[in-house]
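Take a look at the structure set out below.
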Amino acid sequence: MIRKNRQETIAPYLKDASNYSGGAAKEVLIPENLVEIAEFLKNDSRPVTIAGAGTGLNASRIPSEGVIISLERFDEIETVENGEVWLGPAATLAELQEHLKNSGWFYPPNPTETNASIGGTLATNASGSRSYKYGVTRDFIRAVECILADGRKVLLKRGHKISDPLCMDDGSKIIFPEIVYTSPNC
């Protein structure tokens, strides 16, 4: 795990598209795997803020104290199989659309910010120009592997009532290191 604790290395994580200024954090953590996240959460009681792509307009990635966990290394996108794809929360909408382009599948909600991370679209239940016809982000999430604030790892699947409590969380109570997304055919 990379740990950044000098102000000049923390500063880029204290801003987003909201242009809010005034964030503060003691440290930025950049984990390489789920075990590092779980161990940190289990053993450290400081407040945690998850840093996404920084495209949000509500300053939810800007902490007032504590530690920032950046999931920037969790950007993998797996092969599409039966209309589903496992992907990391740091994968962007543009990367997902490119990945799906030749498969006959697409990302229906179509938020305007293509640099938004998939984790961010899940945390905010993003919608877009096609949401009226197809639905919002939560309608296309089939499973989420979560790490809870106490370090426990949980796999939640569609039908286990994951939509409302998770998709409307700003990332302060739960971390989404892996997401299964399903897509309608083009």
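Since every read-out is calculated from the coordinates, none of them should be taken as a lab result. As the structure is a computational prediction, the values presented were derived from the model and not from experiment. Positions of Cβ are backbone-derived with ideal geometry, glycine not excepted, and every protein chain shown enters the neighbour counts.
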Check: What is the fewest-to-most order of 153, 133 by other Cβ atoms lying within 10 Å of their Cβ?
Finding: 133, 153
Next item on the list: Would you mind classifying the range 1-118 by shape? Square roots of the alpha carbon gyration tensor eigenvalues, ordered a ≥ b ≥ c; an a/c under 1.5 is rounded, otherwise it is prolate if a/b is larger than b/c and oblate if not.
Entry: oblate
Next item on the list: Show the residues, 5+ positions off or on another chain, whose built amide H is closer than 5 Å to the amide H of residue 105.
Entry: 186
Margin query: Can you list residues from other chains, or at least 5 along the same chain, whose modelled amide H is less than 5 Å from the amide H of residue 146?
Written below: 154, 155, 156
Note to self: Please rank 117, 131, fewest neighbouring Cβ atoms within 10 Å first, as an exposure proxy.
What the structure shows: 131, 117
Next item on the list: Report ³J(HN,Hα) in whole Hz for each residue of the range 16-26, in order, from the Karplus equation J = 6.51 cos²θ - 1.76 cosθ + 1.60 where θ = phi - 60°; Gly and Pro get x.
Entry: 8, 5, 6, 6, 5, 10, x, x, 8, 7, 8
Margin query: With a cap of 13 neighbouring Cβ atoms within 10 Å, and only residues DSSP puts in a loop, list the GluC sites (Glu not before Pro) found in the range 1-67.
Written below: 32, 65
Margin query: Apply the a/c threshold of 1.5 to the C-alpha gyration tensor of the range 2-70 and tell me whether it is rounded, prolate or oblate.
Written below: prolate
Next item on the list: Using amide H atoms built 1.01 Å from N in the peptide plane, name the residues 5+ places from residue 50, or on other chains, whose amide H lies under 5 Å from its own.
Entry: 69
Note to self: I need 93, 100, 14 ordered by Cβ neighbour count within 10 Å, fewest first.
What the structure shows: 100, 14, 93
Notebook entry, point to check: What are the ³J(HN,Hα) values, in whole Hz, obtained from phi via the Karplus relation 6.51 cos²θ - 1.76 cosθ + 1.60 with θ = phi - 60°, for each residue of the range 90-100 in sequence order, with x given for Gly and Pro?
Noted result: 8, 4, 8, 4, 4, 5, 5, 4, 5, 4, 7
Note to self: Spelling out what I want: for every residue of the range 2-13, take phi, set θ = phi - 60°, compute 6.51 cos²θ - 1.76 cosθ + 1.60 (Karplus), and round to whole Hz; glycine and proline get x.
What the structure shows: 7, 10, 10, 9, 8, 3, 5, 8, 7, 3, x, 8
